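To keep things clear, I will list the structure first and then write my remarks on it.
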Amino acid sequence: MKRPLSVTVFGYVMMALTAIIILAPVYWLVISSLSTQASLLKAPPDWIPDRLTFDNYKNILFPDASTSQVSRMFMQTLRNSAIVASAVTLVGLVLGIFAAYAFGRLEFRGRRAGLLVILATQMLPAISLIIPLYLVFNNLGWLDSLGMLVIVYLSFGLPFVVYIMTSFLQSIPRELEEAARVDGCSRVGALFRVIIPLSGPGVAATAIFSFLMAWDEFFFALILTSSYASKTVPVAIAEFTGRHAIDYTAMTTGGVLAAIPPVLIALIFQRYIVQGLTAGAVKG
């Protein structure tokens with residue numbers, strides 16, 4: 001049955017409005033990074049600046065003695081974020097898959113209660129944890145280090161991996177694992193040869209979201225780090241705000257550079273994200 005023209009037009013109008021609402025902030029971020037400070041402070045805002053400049057990117061990518069300390073150290077914080085997010089993703093997947101297999105495939109007392117406890121840890125507000133964590137790491141001498149950030153991020157990243165992967169593993173028919181066991185595979189062998197390959201999209205989607213969670217985290221990194229040797233990108237972007245002035249152009253330029261890795265990951269692994277999000281919702 002052919003849809004009425006009015007319905008089709010309405011659909012396209014709504015899609016256009018949705019695209020504008022989503023993309024307008026992104027457009028303004030990019031344009032702001034290519035504008036001058038004076039252009040950004042105009043009222044009303046200049047949505048199409050008369051002159052675009054790449055000096056903001058030059059100051060961050062190729063800093064010299066005249067640039068601010070935050071701009072000079074921005075690439076270091078970018079590397080710190082990449083190291084921490086990659087380590088959290090790798091360790092979280094290795095530990096989380098084994099834990100998810102136990103919760104999703106084995107029967108033992110307290111299994112449901114344990115999974116609920118893991119989920120409940122995600123409901124604790126970060127502000128209630130920061131003081132105990134600060135005191136613990138201060139006493140251990142681990143403050144202001146990348147290893148400390150990895151441990152802290154795993155405290156909320158690992159439960160996320162366990163909970164999400166449990167649903168993916170439960171969607172795989174047990175008959176496939178039992179067939180592998182009959183052929184001589186151990187539980188670990190069946191996990192690596194049957195379960196993980198079949199849940200590949202789920203593993204990929206979980207890894208991507210775990211990486212993005214660690215990449216975007218701001219609060220813990222702000223409180224627990226003090227030097228550029230361990231500060232992450234979100235903290236560095238916030239430090240473009242001074243006591244008496246705000247470097248809007250540098251802040252937006254840093255935002256664009258910080259957004260590039262997540263955007264590339266989302267574009268490259270888009271197919272796995274969609275498959276992963278849909279696979280866990282359907283029982284095999």
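The values are calculated or read from the model by the stated rules, or taken from the named source; none is laboratory data. Owing to the predicted nature of the structure, the values given are computational and were not obtained by experimental measurement. No Cβ is skipped: glycine too gets one built from the backbone with ideal geometry, and neighbour counts run over all protein chains shown. With ligands, DNA and RNA removed, areas are computed over all heavy atoms of the protein, side chains included. Shrake-Rupley method; radii C 1.70, N 1.55, O 1.52, S 1.80 Å.
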Inset, instruction - Go through region 22-53 and count every residue that is of a type in the set (Gly, Ala, Ser), at pLDDT 90 or above and farther than 16 Å from Gly255 by Cα. - result: 0
Inset, instruction - Being over 26 Å from Val117 (Cα atoms) and out of contact with any helix residue (DSSP H, G or I) (no Cβ under 6 Å at 6 or more places or on another chain) narrows it down to one of Ser155, Ser167, Ser171, Ser145, so name that one. - result: Ser145
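Here is a yes/no grid of residues against (1) at pLDDT 85 or above; (2) surrounded by fewer than 16 Cβ atoms within 10 Å (Cβ to Cβ):
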{"position": "Arg3", "(1), (2)": "no, yes"}
{"position": "Ser6", "(1), (2)": "no, yes"}
{"position": "Ile20", "(1), (2)": "yes, yes"}
{"position": "Phe74", "(1), (2)": "yes, no"}
Legend entry - Residue check for Ile131: in contact with a Leu (Cβ under 9 Å, 6 or more places away or on another chain), open to solvent by 30 Å² or more (accessible area, probe 1.4 Å) and modelled with pLDDT of 85 or more: no
Legend entry - Hey, Val150 among the aliphatic types (A, V, I, L, M), out of contact with any strand residue (DSSP E or B) (no Cβ under 7 Å at 6 or more places or on another chain) and under 14 Å from Ala100 (Cβ atoms) or not: no
Inset, instruction - Answer yes or no as to whether Gly202 is assigned to a helix (DSSP H, G or I) and either open to solvent by less than 10 Å² (accessible area, probe 1.4 Å) or at pLDDT below 85 (or both). - result: yes
Legend entry - Members of region 41-81 found to be part of a loop (DSSP other than H, G, I, E, B) and of a type in the set (S, T, N, Q), listed by number: Thr53, Ser66, Thr67, Ser68
Inset, instruction - Scan region 166-180 and report the pairs whose first residue is without any contact (Cβ under 8 Å) to a residue 40 or more places away in the chain and whose second residue is surrounded by fewer than 16 Cβ atoms within 10 Å (Cβ to Cβ), with Cβ atoms within less than 7 Å and a gap of 6+ or a chain change. - result: Ala180/Arg193
Inset, instruction - Find the residue count for region 82-93, including only residues that are crowded, with 19+ Cβ neighbours inside 10 Å and either outside any helix (DSSP H, G or I) or hydrophobic (A, V, I, L, M, F, W, C) (or both). - result: 4
Inset, instruction - Give Ala65, Ala38, Ala43, Ala99 a once-over and let me know the one that is under 27 Å from Gly157 (Cβ atoms) and of a type outside the set (Phe, Trp, Tyr). - result: Ala99
Legend entry - Residue among Ser227, Ser210 that alone is of a type in the set (S, T, N, Q) and either buried (at least 20 other Cβ atoms within 10 Å of the Cβ) or in contact with a helix residue (DSSP H, G or I) (Cβ under 7 Å, 6 or more places away or on another chain) (or both): Ser210
Inset, instruction - Taking the options Gly104, Gly96, Gly114, Gly110, name whichever one is surrounded by fewer than 10 Cβ atoms within 10 Å (Cβ to Cβ) and not acidic (Asp, Glu). - result: Gly110
Inset, instruction - Could you check, for region 135-142, whether at least one of its residues is over 21 Å from Ala100 (Cβ atoms), out of contact with any Phe, Trp or Tyr (no Cβ under 7 Å at 6 or more places or on another chain) and in contact (Cβ under 8 Å) with a residue 24 or more places away in the chain? - result: yes
Inset, instruction - State whether the residues of region 101-109 include one that is of a type in the set (A, V, I, L, M) and over 28 Å from Thr241 (Cβ atoms). - result: yes
